[in-house]
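What follows is one structure encoded as C-alpha cells, with my remarks underneath.
Laboratory data are not the source of any read-out in this text; all were calculated from the coordinates shown. Predicted model, so just to flag it, every value in this text is computed and none were measured. All Cβ positions, even for glycine, are placed from backbone atoms using ideal geometry, and neighbour counts span all protein chains on display.
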Amino acid sequence: MKKVLVVAMAMVFTASVASVSMAASVKCTVIAVDGNKVTMDCGKKASKFSVGNKCKVKDEKKKAIEGC
C-alpha cells in the first residue's frame, strides 16, 4: 500500500511540474500604447492566450554593428 501511495504522489508532482513549464511563447508586434495599456498583434498564435492570463513581455534588443 505504501508503494502505491509513493507512486501516486510522484505522478501528481510530475504532472504539476509539467503543466507549469508549458507556457505559451509567441512573438508579437506592439500596435499601440495608451497610458499603461499596450495593444499587440500576435497573429494566428493569439489563441494561445486567454483573458486574465498573466504574461511577461520582453523588449527586443537591437545590436549595434560598428565598422573600422
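What the table shows:
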read-out	value
Segment Phe49-Asp34, length gained on full extension (0.36 nm per residue, minus Cα span)	3.3 nm
Label-point separation, Glu60 to Met1 (7 Å along Cα→Cβ), nm	6.0 nm
Segment 7-13 - phi-based ³J(HN,Hα) in whole Hz, Karplus 6.51/-1.76/1.60, Gly and Pro as x	5, 5, 5, 5, 5, 5, 4
